[in-house]
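Each remark here refers to the structure printed beneath this line.
What follows is calculated from the coordinates using simple rules that are stated; it is not laboratory data. Please read these numbers as outputs of a predicted model, since none were measured by experiment. No Cβ is skipped: glycine too gets one built from the backbone with ideal geometry, and neighbour counts run over all protein chains shown.
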Amino acid sequence: MRWTIVFAFASAWVVSAAIADTGTQLQSTCKKPDIGYAYCLGYITGATQALSTWSAATKRDTANKTSPDAPSLYCLPRAVSNVETMQVVVKYMDEHPERLNLSADTLVGYALEAAYPCAKQ
């Protein structure tokens, strides 16, 4: 019985990994209560951490972006919580429906860039 439950959760997790391929799918998932909220928080937190790692390892070169969908770097304050970051991304999706066709992780990057721009050097 225990393995059946573990298998069911593992299967649900694998299936849910494909929920947010685009901004439209992420926005839809984030509007669902309970599991949708939890998935949204987890997805945006993971994307934020991945983008932060990428940002730290990449030199800032806004003049020569390799892709028009590649988000520029952002400067996330240490005091910002995961929930606040999720709220920023959800608000950005609501305010920019023309960008919902982008990949969900790219959209997270644009939302963070808009909310937390780095100081101009």
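Observations
- Using only alpha carbons, region 71-121 has a radius of gyration to Kirkwood radius ratio (Rg to Rh) of 0.97.
- Highest to lowest packing among 101-114, 32-45, scored as the average C-beta count within 10 Å: 101-114, 32-45
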